[in-house]
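Accompanying notes for the structure given below.
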Amino acid sequence: MESKQSLIQAPVSVNGDDVTTWALPEGAIARLGRGCEPNMTFSADGQFLAIGTAMGLWLYDLETLSPIALWETERGMVFHIAFSPNGKWIAAGNSDKILKVLDIQNGACLAQVEVDDYIAELTFSYNNQYLAAAYARSATFEVWHAETCEPVTQFASDTEEAGFYSPISFSPDTRLIASTSASDTTDDAEAIVVWDMESGQQIASLTAHTYWISTLCFSPCGQFLASGGEDGTVYVWDVSTWRQVQSYTDFGDVSRIMPSYSPEGILRAAIVDYDDTGPATISVCDLESGEQLYTDKFWGNTVQFSDADDWGNTAVFSNGSRLAYECRHEFINVWTLEYPCRRQFTHSPISFPAYERTSISFPTALFSDDGKTLAVKHHHEGVVLWDIASKRSRPAVKVESAGKNQFLYKTNSGKFYVASIKADNVKLWEVDGNGIPLIERTGREYWSAFPALSPTGELFAYADADGNLKVWDVNSGNQRYELKHPLEPKDNEDDEDDGDTIGDLQFSFDGKILASESNHPQPHVISWDMELGEEIDNSLNDNVITRIPGRLVFRWLKPKSREVVHISHDGKYLSSIGDNSYLYDVKQDDYLSRLTLPQGLEDIFWAAKFSMCGKYFAAGTWWREGMEKMVICLWEVKTGKQIVTFRGHPTDVHALAFSPDNTLLASASYDGSILLWDLTPYL
């Protein structure tokens with residue numbers, strides 16, 4: 001392939017080519033990760049691959065697979081993108097219902113419009129005159145002039161409900177536009193609706209598909225319309241009669257089919273077969289001849305089926321010759337006719353960090369004692385270790401059997417551990433260990449209490465669906481106790497979701513006590529003596545915390561309150577952020593100070609963390625409509641003085657972590673990135 005000179009100048013960064021320093025907010029020194037929920041599209045000339053994510057819009061050179069631009073970080077949340085055929089513009093729609101047209105040379109916004117619904121799909125007309133958007137919540141789509149975003153027309157199907165993917169496509173002569181809507185005959189079926197651009201009339205409704213339609217494309221000659229989706233079928237329709245002239249069905253039980261015409265009119269399809277028990281398969285074939293051009297097996301949820309917040313499209317096939325798909329929520333794999341083998345580049349993790357359920361029992365971001373490594377639990381990828389110096393990541397457990405339902409622990413000695421749940425297997429791993437689990441047992445359901453590791457690293461506990469608590473000695477691998485937490489019987493034996501479960505497990509700071517909590521019909525906590533293996537006679541009251549031999553056990557005892565309580569690492573202080581925000585001295589049994597929160601943000605702080613030394617406390621906001629940048633506040637614990645306020649993430653802050661020397665504050669966000677904030681000017 002002949003080398004192409006990029007038209008776009010790389011952004012100027014502090015270190016020249018270090019993309020972790022591109023477009024940083026004030027106070028941040030690096031960004032780890034490149035954003036979650038990727039939506040990908042190729043430029044018509046095959047020069048660029050654009051990736052819209054929750055943190056912004058990335059542009060990659062397709063030949064080198066290197067990032068060359070990062071735009072739209074001011075707001076982020078870019079979930080739908082499209083290149084114009086002439087290569088001059090890229091359209092981007094964000095979660096604020098703002099549609100922009102950007103100059104491909106520098107990312108400048110040429111025009112924008114605010115729409116009334118969330119955008120599901122974008123496309124330009126072949127003559128570059130129009131830009132169209134299909135919506136996610138209604139079977140409506142709109143058309144604007146591409147350069148100005150001035151409205152042209154709007155179409156609305158008789159069926160009010162939109163299709164799941166809502167693909168949209170112009171005919172080559174721009175005379176027709178096609179999209180989808182939910183069928184009024186079958187719950188899962190979808191119909192193709194075709195409109196005449198000049199008259200504004202619906203001229204066809206095609207109802208062969210029995211499930212979601214993900215792809216629509218007209219042939220280059222304009223005589224045919226091809227459709228494919230998740231019913232394992234590709235249909236070809238004659239545009240002059242709207243009769244079905246061809247169907248391709250011999251693919252077996254596949255997950256998704258994406259047809260695409262080449263410029264020469266050859267109809268090819270990318271076929272995805274997703275298997276939640278093993279690697280997925282993706283292939284490209286010539287539909288008419290049956291020739292298979294490419295196949296790959298890979299791990300990763302390439303097509304996310306029914307998540308309500310799945311705005312991204314993690315696989316794209318275009319021009320009958322270019323395929324990109326997510327692998328392991330960490331890499332993007334690319335295949336093109338020019339390079340007919342798999343090429344891969346890092347864009348990861350392409351997953352958002354999990355939020356901290358409490359600051360003790362379920363941390364999702366922790367620094368190592370030397371400050372060189374940041375461990376973060378990501379929602380899809382499990383626990384990832386970030387090297388602060390190189391700003392590169394690696395999995396905490398490098399074996400497939402670890403699964404992705406993982407939980408992070410750090411012991412008093414500074415060691416990291418990971419618990420994993422896959423099917424009904426629960427395992428405990430030492431991070432960066434030999435790949436052999438320390439504990440491996442079955443019979444643990446995922447949707448109950450998370451496993452617990454004592455802060456000393458000596459004991460590991462988990463609960464089964466019947467309320468049996470199993471406690472294991474980590475060093476020997478032997479079971480030490482099996483305890484019984486009584487559960488309330490189900491009201492209806494036929495209702496799988498009804499009845500009591502163990503909702504929380506936590507060890508005390510010294511590891512001598514294990515607390516278990518059930519929730520139905522009312523919270524019920526039992527404390528267990530880990531030296532004797534028996535229940536402690538200590539009735540818990542309705543306070544947020546309970547003193548047990550000088551220690552603290554965290555409880556969720558105010559379900560209707562918006563307060564979130566966090567406890568310092570040494571148990572000396574606690575905080576409440578929400579309806580009543582304060583810092584509290586546990587030893588003195590008295591308030592240290594009331595916290596002053598930024599105006600308008602008094603009740604939406606969630607992630608919070610004390611520094612390891614206990615001198616500082618930080619909290620970050622949860623997104624609320626109208627907010628463009630999340631706030632992270634830092635206070636001095638003894639005085640309650642607010643030291644600094646950072647603004648950077650476009651959406652929810654899920655977790656915070658101080659480096660041991662308090663020079664860095666790490667904030668992990670739902671946008672799929674981690675910002676490192678420099679605290680040295682303030683402390």
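What follows is calculated from the coordinates using simple rules that are stated; it is not laboratory data. None of these values were measured; they are calculated from a predicted model. Note that we place each Cβ from the backbone using ideal geometry, even for glycine, and neighbour counts take in every protein chain shown.
State log₁₀ I(q)/I(0) for region 37-346 at q = 0.10, 0.11, 0.12, 0.13 Å⁻¹ as given by the Debye formula over alpha-carbon point scatterers of equal weight, solvent excluded.
Ignoring solvent entirely, the Cα scatterers give -0.49, -0.61, -0.74, -0.88.
Bins of 10 Å, beginning at zero and ending with the bin holding the largest distance: percent of Cα pairs per bin for the chain, please.
Pair shares across the bins are 3, 14, 23, 23, 18, 12, 5, 1, 0.
Taking θ = phi - 60°, what integer Hz values does the Karplus form 6.51 cos²θ - 1.76 cosθ + 1.60 yield along region 41-51, in sequence order, with x for Gly and Pro?
After applying 6.51 cos²θ - 1.76 cosθ + 1.60, I find 7, 9, 6, 4, 8, x, 8, 10, 10, 9, 10 Hz.
If Lys and Arg each add +1 and Asp and Glu each add -1, what is the summed charge of the other residues whose beta carbon sits under 14 Å from the beta carbon of Glu147?
0
By count of other Cβ within 10 Å, fewest leading, how are Ile213, Ile439 ordered?
Listed from fewest to most nearby Cβ atoms, that is Ile439, Ile213.
Each residue of region 231-241 in turn: what ³J(HN,Hα) in whole Hz from Karplus with 6.51, -1.76, 1.60 and θ = phi - 60°, glycine and Pro shown as x?
9, x, 9, 10, 10, 10, 10, 7, 5, 6, 10
Give me the distance between the Cα centres of region 369-424 and region 49-81, rounded to whole Å.
27
Sequence gap at least 6, Cα distance under 8 Å: using those rules, report the relative contact order of the chain to the nearest whole percent.
8
Please enumerate, by chain and number, the lysines with C-alpha under 25 Å from the C-alpha of Lys470, excluding those fewer than 8 residues away in the same chain.
The qualifying lysines are Lys377, Lys404, Lys410, Lys415, Lys422, Lys427, Lys484, Lys490, Lys512.
List the lysines whose Cα sits under 25 Å from the Cα of Lys641, skipping any in the same chain fewer than 8 residues away.
Partners found: Lys572, Lys587, Lys609, Lys615, Lys629.
Add +1 for every Lys or Arg and -1 for every Asp or Glu among the other residues with Cβ under 13 Å from the Cβ of Ala324, and state the total.
Summing Lys/Arg as +1 and Asp/Glu as -1 gives +1.
Search the structure for amide H atoms under 5 Å from the amide H of Val644, placed 1.01 Å from N in the peptide plane, and list their residues when 5 or more places away or on another chain.
For Val644, whose amide H was placed from the backbone, the distant partners under 5 Å are Leu634.
Taking 45 Å as R0, compute the FRET efficiency from the Cβ-Cβ separation of Thr249 and Glu482 and round it to 0.05.
About 0.25, to the nearest 0.05.
With 10 angstrom as the radius, rank Cys36, Cys217 by how many other C-beta atoms surround their C-beta, starting from the fewest.
In order of increasing Cβ crowding within 10 Å: Cys217, Cys36.
What ranking of Tyr130, Tyr409 emerges when the number of other C-beta atoms within 10 Å of each C-beta is taken as an exposure proxy, fewest first?
By the 10 Å Cβ count, ascending: Tyr130, Tyr409.
Averaging sequence separations of C-alpha pairs under 8 Å and six or more residues apart, then dividing by the length of region 234-294, give the relative contact order as a whole percent.
It comes to 21 percent, rounded to a whole number.
I'd like the distance separating the alpha-carbon centroids of region 86-114 and region 195-248, in whole Å.
Rounded to whole Å, the Cα centres lie 28 Å apart.
Quick one: 3J(HN,Hα) in Hz for region 157-168, Karplus 6.51/-1.76/1.60 with θ = phi - 60°, rounded, Gly and Pro as x.
6, 5, 7, 6, 7, 6, x, 5, 8, 6, x, 8
What would the Debye equation give as log₁₀ I(q)/I(0) for region 206-298 at q = 0.24 Å⁻¹, counting only Cα atoms as equal point scatterers?
Log-scaled intensity ratios, in q order: -1.27.
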